[in-house]
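Structure, as structure tokens:
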Amino acid sequence: MHHSMHLVLDHQPGVQLRIAMILTRRGYYMESMNMFPMAGSDLQRMTMTIRGPEAGFDQICKQLHKLVDVVRVDPLFAEVEVPEPVSREEFEVERAV
Amino acid sequence: MSNQPAEKITGAQVVVRSLEQLGVNHVFGYPGGANLPLFDALYDSDINFILTRHEQGATHMADGYGRATGKPGVALATSGPGASNTVTGLLTAAMDSIPLVVLTGQVPTAMLGKDAFQEADVFGMTLPCVKHSYLVRDVNDLPRVMREAFHLAGSGRPGPVVVDLPKDVQLAAFVGDPDAEMRLPGLKQAPKADAAKLAEMAHLLSCSRKPLLLVGQGAMISGAGEAVMKFAEKIQAPVTNTLLAKGVFPETHPLSVGMLGMHGTAYANKAVSECDLIFSIGSRWDDRIAGNYAKFCPDAVKLHIDIDPAEVDKVIKPDVTVVADAREALEQLHPMVNQLATCAWLATLDGYKRDHPLSWQPGEGLQAQQVIEECYKLTEGKAVAATDVGQHQMWAAQYFLTDEPFSWLSSGGAGTMGFGFPAAIGAQFARPDSTVFAFVGDGGFQMTLCELATAAIHKLPVKIILLDNSYLGMVRQWQELFHDNRLSGVDLTGNPDFVALAEAYGVKAFQVSEPEKVTDTLKEALAYNDGPCLVHCKVQRAENVYPMIPAGASHSEMILQPT
């Protein structure tokens, strides 16, 4: 099951580690992650897609929000479109190029 | 105007001044190469530095100090192994929401990541067991970081905070703003109770005829004792407490059914399985109290007050949850509920108290329960009780009733062996006029007994009640009950001569192995206040703790007596 969320972070060293730790301990994988600064502030915007059990997603959001460096967590409840995984053949072709 | 230049101070001095400004009286710790500047700064300070014999001891002492006062305890360690030795203490504090600040020296910033001597990634290795942490790279950040660390450790749901301090940062000249304010855009303020949800709670309570209030550590932290008392007396509801919440509601109160859970009282656990409503006030429904979640109070309405939104629906899905400070929420709820018709329910529970009291059978030799009960009687419970982890911890919880908050110090969530004795030392520093017991077993005591030196040097009158059965008793009990008595790795035969060991540290020691001599020996120990004393109690080897709810079982599957 894939889930996406937007987060607002106080961009302190280690904030990504803290987020990864929350996910890993509860059996979630980070499938994709983008970060960019929010204009006019020290904050960062993060968009993340994670994979893991449906049942624990609400708890993941709460645990992430509990982190001191996480300012906001906005889960996206719509079904997330996840790109098809790259096949071994495609990967080999890309690498050859 | 004076043209004198501003006073030059170093980062280490900023840290020590911050500690002074934050009201810190005691720091527990151990020096090393990477925290030398901090020790140099402490030389000029009025803060009492307590040199321990191990950093784990320092962290548990600071934790015990925090548990006994409700304010952050402070530990100080050097880099590398010094810092890694604090990890068990951090975990212990994190699991029980204890306010704790651990300062660690670190190699200079230019050496970070280069495998320098005594380098360790302290920020990384402590991440899962802290509320928050800092690796300070700029000396001018120090006043703000220190303020934030103490604020975070002690506010909301408290917890441990690590501040890792590279040596060059400690030595650098400070040119920043000493009054710099906190900068925590992600700080979550304690939410206010939702009035509509409180009204829903009040309605459900008013429909209940068999309610049960369950008080937890959150009620302790928020100082909800009086609010719980007024509420329970008004609505005439019985109260059960978790292991950590011993003392929030007096265990001698007629409405108290004592501790619930795996080794709780039979009547508390019967109340859990028969109540029509259970109301957790600052308890996170830990698995040691709830047993099998699928079978936990299946027919009862469940209400929950917790300051931590992440505890909502984590393991139990209550009918109504209010996210707020326990005391504030309960005070708001108080006028909304009237006395309930609980006479029959209270009479039923009184019957259970009569029929299934906590009891132990005198046998051949000395029983640990007798020693604990005698300590309770001789002090009338007016003491701080710290415990280690295992059988003696559960017997202490059962027989050393607690009527006052911040007087029961026990590692609940982490179950850390080796915690009890150093925690008692920390508590005795915090409360020099209190009688402080350290109830320890022969297993856990040997994990941190080097702190006998710390207690002896400071002449702390801690009473160490060592309940020695030459077994790792709780594990032995589980092997007996659930592994066909195939005892494996639990026999501590060959223990040292504990009396001689204590005396080698300059600690007064007593020994008792006969039931009829317990009272006199304990009286002697209680009268001795020139320093610590150890009472070596040689107790029956194969005694088990009852009642017991096996792990994963429901409250109705409680084992009351040995079969």
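I'd like to check something: does region B:327-341 contain any residue that is more than 27 Å from B:A224 (Cα to Cα) and not charged (D, E, K, R)? Within region B:327-341 (the criterion being more than 27 Å from B:A224 (Cα to Cα) and not charged (D, E, K, R)), the answer is no, since none of the residues qualifies. Given the structure, is B:L91 modelled with pLDDT of 95 or more, open to solvent by less than 60 Å² (accessible area, probe 1.4 Å), outside the structural domain of B:K246 (by TED's automatic domain parsing) and not acidic (D, E)? In short, no. Answer yes or no: is there a residue in region B:134-144 that is in contact (Cβ under 8 Å) with a residue 12 or more places away in the chain, open to solvent by 30 Å² or more (accessible area, probe 1.4 Å), out of contact with any Pro (no Cβ under 9 Å at 6 or more places or on another chain) and more than 14 Å from chain A (Cβ to nearest Cβ). Checked against the condition, which is being in contact (Cβ under 8 Å) with a residue 12 or more places away in the chain, open to solvent by 30 Å² or more (accessible area, probe 1.4 Å), out of contact with any Pro (no Cβ under 9 Å at 6 or more places or on another chain) and more than 14 Å from chain A (Cβ to nearest Cβ), region B:134-144 yields at least one hit. One residue stands out in region B:159-175 among those that are open to solvent by 30 Å² or more (accessible area, probe 1.4 Å) and touching a Lys or Arg at 6+ places or on another chain (Cβ under 9 Å): the one that is nearest to the other protein chains (Cβ to nearest Cβ), namely B:V175.
Would you tally the residues in region B:25-57 being in a helix (DSSP H, G or I) and either modelled with pLDDT under 95 or open to solvent by less than 80 Å² (accessible area, probe 1.4 Å) (or both)?
Initially, region B:25-57 is screened for residues in a helix (DSSP H, G or I), giving B:33-42, B:55-57.
Still in the list and also either modelled with pLDDT under 95 or open to solvent by less than 80 Å² (accessible area, probe 1.4 Å) (or both): B:33-35, B:37-39, B:41-42, B:55-57.
The total comes to 11.
Could you tell me which residue of region B:109-129 is farthest from the other protein chains (Cβ to nearest Cβ), considering only residues that are over 17 Å from B:L76 (Cα atoms) and open to solvent by 50 Å² or more (accessible area, probe 1.4 Å)? The residue in question is B:F117.
Looking for something without any contact (Cβ under 8 Å) to a residue 40 or more places away in the chain, open to solvent by 10 Å² or more (accessible area, probe 1.4 Å), assigned by TED's automatic domain parsing to the domain that holds B:K114 and closer than 30 Å to B:A83 by Cα - is there at least one such residue anywhere in region B:183-195? The answer is no; no qualifying residue exists. Taking residues in region B:466-487 that are among the aliphatic types (A, V, I, L, M), and partners anywhere that are open to solvent by 40 Å² or more (accessible area, probe 1.4 Å) and assigned to a helix (DSSP H, G or I), the pairs with Cβ atoms closer than 8 Å and at least 6 places apart or on different chains are B:L487/B:E480.
As a summary of the residue check, B:Y43 satisfies the conditions (1) closer than 23 Å to B:A12 by Cβ; (2) touching a Leu at 6+ places or on another chain (Cβ under 6 Å); (3) not aliphatic (A, V, I, L, M) except for the one numbered (2). Open to solvent by 30 Å² or more (accessible area, probe 1.4 Å) and within 21 Å of the chain's Cα centre (by Cα): does that describe B:G70? So B:G70 passes the test.
For first residues located in region B:514-543 and among the basic types (K, R), partners that are part of a loop (DSSP other than H, G, I, E, B) and lie 6+ apart or on another chain with Cβ distances below 9 Å form the pairs B:K538/B:G365; B:K538/B:N469; B:K538/B:S470; B:K538/B:S513; B:R541/B:G365; B:R541/B:N469; B:R541/B:S470.
Name the single residue that is most open to solvent (accessible area, probe 1.4 Å) among those in region A:1-60 being basic (K, R) and within 14 Å of another protein chain (Cβ to nearest Cβ). Steps first, please.
Applying the first criterion (basic (K, R)) to region A:1-60 yields A:18, A:25-26, A:45, A:51.
Then keep just the ones that are within 14 Å of another protein chain (Cβ to nearest Cβ); that gives A:18, A:25-26, A:45.
Values: A:R18: 10, A:R25: 169, A:R26: 75, A:R45: 70 Å².
In this case the residue turns out to be A:R25.
Say we look at region B:276-315 and pick out the residues that are of a type in the set (D, E) and open to solvent by 20 Å² or more (accessible area, probe 1.4 Å); which of these is farthest from the other protein chains (Cβ to nearest Cβ)? Explain how you work it out, then say what you get.
Step one: filter region B:276-315 for residues of a type in the set (D, E), giving B:276, B:286-287, B:299, B:306, B:308, B:311, B:313.
Add one more test, that the residue is open to solvent by 20 Å² or more (accessible area, probe 1.4 Å), and what stays is B:276, B:286-287, B:299, B:313.
Details: B:D276: 28, B:D286: 16, B:D287: 16, B:D299: 23, B:D313: 7 Å.
It comes out as B:D276.
Specify the residue that is most open to solvent (accessible area, probe 1.4 Å); the eligible residues are those in region B:417-434 that are over 20 Å from B:A368 (Cα atoms) and out of contact with any Phe, Trp or Tyr (no Cβ under 9 Å at 6 or more places or on another chain). Top of the filtered list is B:D433.
For region B:249-272, does any single residue satisfy the condition of being of a type outside the set (D, E), in contact with a Cys (Cβ under 7 Å, 6 or more places away or on another chain) and under 26 Å from B:W395 (Cβ atoms)? Within region B:249-272, one or more residues are of a type outside the set (D, E), in contact with a Cys (Cβ under 7 Å, 6 or more places away or on another chain) and under 26 Å from B:W395 (Cβ atoms).
Taking only region B:348-366 into account, find how many residues are open to solvent by less than 60 Å² (accessible area, probe 1.4 Å) and out of contact with any helix residue (DSSP H, G or I) (no Cβ under 7 Å at 6 or more places or on another chain). Break it down stepwise before answering.
So the first thing to find is which residues in region B:348-366 are open to solvent by less than 60 Å² (accessible area, probe 1.4 Å), and the list is B:348-349, B:351-353, B:356, B:358-360, B:363, B:365-366.
Adding the requirement that they be out of contact with any helix residue (DSSP H, G or I) (no Cβ under 7 Å at 6 or more places or on another chain) leaves B:348, B:351, B:359, B:363, B:365.
Here the count works out to 5.
In region B:381-406, the residues that are open to solvent by 10 Å² or more (accessible area, probe 1.4 Å) reach residues that are of a type in the set (D, E, K, R) with C-beta atoms within less than 7 angstrom, at least six apart or across chains, in these pairs: B:G381/B:D403; B:Y399/B:E373; B:L401/B:E251; B:D403/B:E251; B:F406/B:R67. The single residue among B:P99, B:P81 that is touching a strand residue (DSSP E or B) at 6+ places or on another chain (Cβ under 9 Å) and away from every other protein chain (no Cβ under 14 Å) turns out to be B:P99.
The values are calculated or read from the model by the stated rules, or taken from the named source; none is laboratory data. Keep in mind it's a predicted model, so treat the numbers as computed, not measured. Every residue, glycine as well, gets a Cβ built from its backbone with ideal geometry; the counts of neighbours run over all protein chains shown. Quick note on the areas: whole protein, heavy atoms, side chains included, nothing else; ligands and nucleic acids left out. Shrake-Rupley method; radii C 1.70, N 1.55, O 1.52, S 1.80 Å.
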